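So the structure is just underneath, and the comments pick up after that.
The values are calculated or read from the model by the stated rules, or taken from the named source; none is laboratory data. Here the structure is a predicted model, which means the values were calculated and not measured. Positions of Cβ are generated from backbone atoms using ideal geometry, with glycine treated the same way; all protein chains shown enter the neighbour counts.
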Amino acid sequence: MQTDYDPRAIEAAAQGYWEENQSFKAVEDPSREKFYCLSMFPYPSGRLHMGHVRNYTIGDVIARYQRMQGKNVLQPMGWDAFGLPAENAAIQHGIPPSQWTRSNIAYMKDQLKSLGFGYDWERELATCDPDYYRWEQWLFTRLMEKGLAYRSTATVNWDPIDQTVLANEQVIDGRGWRSGAPVEKREIEQWFVRITDYAQELLDALDGLDGWPERVRIMQRNWIGRSEGVSMDFGIAGSDETLGIYTTRPDTLMGVTYVAVAAEHPLAHRAAAGNPDLLAFIEECRKGGTSEAEIETMEKKGHPLGIDAIHPVTGESVPIYAANFVLMGYGTGAVMAVPAHDQRDWEFAERYGIPKKPVIRSADGSPCGIGDAAYTEKGVLFNSDPFDGLTSAQAFDAIADWLAERGRGAKTVNFRLRDWGVSRQRYWGCPIPVIRTADGGTRPETDLPVRLPEDVVVDGSGSPLKKMPSFSNLAGSEVRETDTFDTFFESSWYYARYCSANCDTAMLDERANYWLPVDQYVGGIEHAVLHLLYARFFHKLMRDEGLVDCDEPFKNLLTQGMVVAETWYREDAEGRKQWFNPTEIEVERDDKGKLLSAVLKSDGQPVSFGGIEKMSKSKNNGVDPQSLTERYGADTVRLYTMFTSPPDQSLEWNDEGVEGAFRFIRRLWALAVGESDAIRSAPAVGELDEAAQTARREIHTALKKALFDYERQQFNTVVSGCMSMVNVLYRLDDSSARAGLVREGVGIVLRLLAPIAPHVTHHLWRELGFGDDILNADWPQVDEAALRQDSIEYVVQVNGKVRGSVRVAVDADQATVQAAALATEQVAKFIDGKPLRKAILVPGKLLNLVV
């Protein structure tokens, strides 16, 4: 064996072996237990960042571990290749988005391969390839036929720079997430998919997702937002029309003092005719976003319409306001306002001098003032004839029944979830397969795929598809739809397509039912709601189309923590911050790690500490995985990311930790090289003296814990267990049993580390004569006999200070342990004839003598 550890050569050889032997090719085999391990696929931005590396290392460790348990493992990889970032980059570089995207895919694929990830590359897909997106086009046409896809006018977030609709999550502080332009509200025709038809099933099925983090399930429950309330109709003064309202607090109905509608509501638009002030207010509201989070925090503003609503019970008139906190896309676009019992309504009423009518008081009769804030608790009704004296719960049913008997309302189950708007006014996306007919109708395309023209340079002035008659103009007066799908559409079913890769006759074939559901899904918590919810919905659509048998796509979900690092900056005279990479900073700390000083290496001048933040370009605190791999090797990078913290917690980057991981691998290498001859020729472990028994017990104790830690996916403690085993092997005394113990111990360590540091373990396993391929090796098993011990060592304290130790029989009682301790010279001298006042025994560990 070569003396020095050369990661570059070792890793190239291991990767060559895996490729030549197709080690990670997954083939369906009904006789074997399958395991489908999947990490969320990346957007091909051009370079991997440490978040990618950690995510994919976690997935690869799990996949390799399951393979070594004898399971038939599928671990694929592909590219979430469509999207607005590619358009923006293509505009910047003056090249087609397809060229930019595919060159990035090639580069990032090489990066992934250099890290040794065990992917079945024969199943690789890119969502921008027609042989992928043709099938989502096909499914969409089926949804149109079923009435699950439809076109409707909706109020949307419009980015005037990127010239496209933005999802609520893409609007940050009222601005587009990419362009930074103030977002406008616009009424635009959009394509929608009826996810609301599946709202109850999506909600109920969360209870069966035991392998998901509870916080993710809570987030999805909240997003779906099931509520039970009452729908009712308020009259409109001087009109036969009614105004639909939904409320979850019908007990407060008698406290309504005004009604608020969205600025986009038809009532508001009619009232604005000839009312320039109201028209100006409506225009102002257009400049805000449409997310509930933004509405919640903004200053509440309104304008009276000059129209009254008629209370459905009392018949009294209450004014109607246009308000910026009411969204047309949620519910009916109108709300009943009860300022005495809703804080938002209270603040609005305070601003505009609207009366507050209390109708709920505490059940114990204590005063419930509304002078400083609304009283929002439930209680007993008053000022609410004919419902006075009822509790809030009783009033819910009584008021609902009263309205239902008179045809003015009914109990209703409502969902916060809205139908999924899937169309975007951008170029680099999957074309929506729809033809607009001469009579103004629509029909689905039948000649699929509708191919996106790729040799197109984007200039940023809207989608070029709208300017391409060769794409949009069809025979006669028919026109092809120029909107493209939201990229969530592609990422909602890619996991299933991996199972039926290269199938050219159907979206999925019978192989999907072998592999699905995904047994382990790994990805960031930031995808907890939209991606995961849309994927669950898409799966049910495919199930109802007869494409899959199971109800849910992902059995177990691991949301990995972020990779964070220190940030450093200087601030100029105008308050602008210039951020420096941590590698540019020279830091001095005291013995306890407290920061003493930090200067920029290039000029020696001080910099300020900006806290520990997620690695990002904006804070310039990222670490380039490519440079780390070239310097230390992929195994060191993988080992460090697994050792530093549990997978679901944040990893705080530390360069010294990387050095430590590298040192450990070299230490393992040195042990293997130094003992290579003995290991190759060593007999099985035979008779052991007491010291060797202790060493073997320590190894198998660490092995037992490591096996448990693998099952609970705590890979950091698996690594620490391997480190402790290596320490034990280095401490072994020369004896006739040494070679056998080293062979056994090294064999255990290599197999435990194989999923985490696959290259060096592959190499050593072969070089030391254990076998040809460690991936096919039997997983190590604990020898329970090795864990048994006849004696045990107790630490002995005198008045709380360690003064010695004593070895006694494992089943010795306190009197025996105490007698043995007092008989030792090192303990006896600290007793020094003093009377023993107390003896405290911690079984199996410690004896404390108090004198």
Requiring at least 2 residues that are farther than 18 Å from PHE488 by Cα, the strands (runs of 3 or more DSSP E) wholly within the range 72-174 are 72-74, 149-159
Of the residues in the range 329-348, those that are of a type outside the set (Lys, Arg) and surrounded by fewer than 21 Cβ atoms within 10 Å (Cβ to Cβ) come to GLY329, TYR330, GLY331, THR332, GLN343, GLU347
For THR583, the lone unmet condition from (1) part of a loop (DSSP other than H, G, I, E, B); (2) within 30 Å of VAL61 (Cα to Cα); (3) out of contact with any helix residue (DSSP H, G or I) (no Cβ under 6 Å at 6 or more places or on another chain) is (1)
Flagged in the range 678-691 as of a type in the set (Val, Ile, Thr), in contact with an Asp or Glu (Cβ under 9 Å, 6 or more places away or on another chain) and in a helix (DSSP H, G or I), in numbering order, are none
For this session: Return yes when ARG570 is touching a residue at least 12 places away in the same chain (Cβ under 8 Å), within 30 Å of LEU48 (Cα to Cα), outside any strand (DSSP E or B) and of a type outside the set (A, V, I, L, M, F, W, C) and no when it is not.
Result: no
The condition of being of a type outside the set (Phe, Trp, Tyr), buried (at least 20 other Cβ atoms within 10 Å of the Cβ), modelled with pLDDT of 95 or more and within 25 Å of PHE387 (Cα to Cα) holds, among THR314, THR252, only for THR252
- prompt: Yes or no: LEU48 in a strand (DSSP E or B) and either buried (at least 19 other Cβ atoms within 10 Å of the Cβ) or among the hydroxyl-bearing types (Ser, Thr, Tyr) (or both)?
  reply: no
Filter the range 726-743 for residues that are charged (D, E, K, R) and surrounded by fewer than 21 Cβ atoms within 10 Å (Cβ to Cβ); the one that is nearest to ARG663 (Cα to Cα) is ARG731
Sole miss for CYS550 among (1) in a helix (DSSP H, G or I); (2) touching a residue at least 24 places away in the same chain (Cβ under 8 Å) is condition (1)
query = In this structure, does GLN75 turn out to be of a type in the set (S, T, N, Q) and buried (at least 23 other Cβ atoms within 10 Å of the Cβ)?
reply = yes
Does THR257 satisfy the criteria of being in contact (Cβ under 8 Å) with a residue 60 or more places away in the chain and touching a Leu at 6+ places or on another chain (Cβ under 9 Å)?
no
Of the conditions (1) surrounded by 14 or more Cβ atoms within 10 Å (Cβ to Cβ); (2) touching a residue at least 60 places away in the same chain (Cβ under 8 Å); (3) part of a loop (DSSP other than H, G, I, E, B), the single one that MET542 does not satisfy is (3)
By my count, helices (runs of 4 or more DSSP H) wholly in the range 612-677 with at least 1 residues that are polar (S, T, N, Q) and under 16 Å from VAL718 (Cβ atoms) are 634-643
Of those in the range 175-184 that are part of a strand (DSSP E or B) and touching a residue at least 60 places away in the same chain (Cβ under 8 Å), the residue nearest to THR484 (Cα to Cα) is GLU184
Every listed condition ((1) aliphatic (A, V, I, L, M); (2) at pLDDT below 95; (3) part of a helix (DSSP H, G or I); (4) exposed (fewer than 15 other Cβ atoms within 10 Å of the Cβ)) holds for MET1 save (3)
Exercise for the section: Determine whether ILE699 is crowded, with 17+ Cβ neighbours inside 10 Å, of a type in the set (Val, Ile, Thr), assigned to a helix (DSSP H, G or I) and without any contact (Cβ under 8 Å) to a residue 60 or more places away in the chain. Expected result: no
Those residues of the range 651-666 which are at pLDDT below 95 and loosely packed, with under 15 Cβ neighbours inside 10 Å amount to ASN654, ASP655, GLU656
Picking from VAL599, VAL637, VAL564, the residue that is free of Cβ contacts under 8 Å to residues at least 40 places away in the same chain and β-branched (Val, Ile, Thr) would be VAL599
If we take the range 367-459, then strands (runs of 3 or more DSSP E) inside it with 1 or more residues that are surrounded by fewer than 19 Cβ atoms within 10 Å (Cβ to Cβ), at negative phi and touching a helix residue (DSSP H, G or I) at 6+ places or on another chain (Cβ under 9 Å) are 409-415, 442-444
Those residues of the range 621-662 which are over 21 Å from ILE62 (Cβ atoms) and assigned by TED's automatic domain parsing to the domain that holds LEU753 amount to GLU652, TRP653, ASN654, ASP655, GLU656, GLY657, VAL658, GLU659, GLY660, PHE662
Selection from the range 444-458 of residues over 11 Å from TYR427 (Cα atoms) and in contact (Cβ under 8 Å) with a residue 60 or more places away in the chain yields PRO444, GLU445, THR446, LEU448, PRO449, VAL450, ARG451, ASP455
The one condition MET50 fails out of (1) in contact with a strand residue (DSSP E or B) (Cβ under 6 Å, 6 or more places away or on another chain); (2) modelled with pLDDT of 95 or more is (2)
